[in-house]
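The values are calculated or read from the model by the stated rules, or taken from the named source; none is laboratory data. All figures in this text were calculated on a predicted structure; none of them were measured in a lab. So basically every Cβ, Gly included, is an ideal-geometry build from the backbone, and we count neighbours across all protein chains shown. For the accessible areas, the whole protein counts, side chains as well, though only heavy atoms, and no ligand, DNA or RNA atoms are used. Shrake-Rupley method; radii C 1.70, N 1.55, O 1.52, S 1.80 Å.
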Amino acid sequence: CIGGGNQGFLDIRLFLKQADCQMVAVCDVNRGSQGYKNPDDVRGMEPAKALVEEHYAKQSESGSYTGCDGYTDFRDVLARKDIDAVIIVTPDHWHDVMAVAAAKAGKDIYGEKPLGRTIAGQQAMVRAVRENNVVFQTGSHERSNPYAKSACEFVREGGIGKERRVVCHVGRLNKLGPGP
């Protein structure tokens, strides 16, 4: 998992539930600090590593586990030959850069939305995925949940009249990142 912030913790927990997944590395430039979604939340590489190791420790006979490595540079994760796939859960401006590098390293990719900040960056991702024959999936749950789907259909069918303008919002934490 590349990215150990709010969404990274959520994704780590979800992937740990998958029987066919073994989390062996986490990466974040922040080793660990407060100031994420809630002021008392501590996130970053070391807390993410501890989350993974605690999960696997509960499953082991000895009650301990130390098989998850922590990194502060995503390139170190991509260099590992024993890693088949990565989750990219970083601030938005890193998504396309890291996805291109992951594809070139032969890793399958689960990337959080948005895919990238620019059309050119997203096109580079598509090229890299195709050229390196890797799998890429993006998280788009907000677009496919039943509430969002119903709201979109309602608007498209004229439920509020003819739309004249669409405004998109990028959450505060996606722009600012963690606090001090």
Restricting attention to region 153-168, which residues are open to solvent by less than 60 Å² (accessible area, probe 1.4 Å) and within 30 Å of Arg117 (Cα to Cα)?
Val155
Does region 81-97 hold any residues that are closer than 16 Å to Asp28 by Cα and either open to solvent by less than 60 Å² (accessible area, probe 1.4 Å) or in a loop (DSSP other than H, G, I, E, B) (or both), and which are they?
Val86, Ile87, Ile88, Val89, Thr90, Pro91, Asp92, His95
Tell me, which residue of region 8-22 that is assigned to a loop (DSSP other than H, G, I, E, B) and out of contact with any Gly (no Cβ under 9 Å at 6 or more places or on another chain) is nearest to Ile83 (Cα to Cα)?
Cys21
Residue count for region 15-32, restricted to those that are small (Gly, Ala, Ser) and open to solvent by 30 Å² or more (accessible area, probe 1.4 Å)
2
List pairs: first in region 24-51 and without any contact (Cβ under 8 Å) to a residue 12 or more places away in the chain and part of a helix (DSSP H, G or I), second of a type in the set (Gly, Ala, Ser) and surrounded by fewer than 23 Cβ atoms within 10 Å (Cβ to Cβ), Cβ under 7 Å, 6+ apart or cross-chain?
none
Out of the residues in region 61-79 that are open to solvent by less than 40 Å² (accessible area, probe 1.4 Å) and assigned to a loop (DSSP other than H, G, I, E, B), which is farthest from Cys27 (Cα to Cα)?
Gly67
State all residues of region 11-30 that are out of contact with any strand residue (DSSP E or B) (no Cβ under 8 Å at 6 or more places or on another chain) and closer than 15 Å to Thr138 by Cβ; if no residue qualifies, say none.
Leu14
Which count do you get for residues in region 98-126 that are touching a His at 6+ places or on another chain (Cβ under 9 Å), among the small types (Gly, Ala, Ser) and either open to solvent by 60 Å² or more (accessible area, probe 1.4 Å) or within 20 Å of Asn6 (Cα to Cα) (or both)?
2
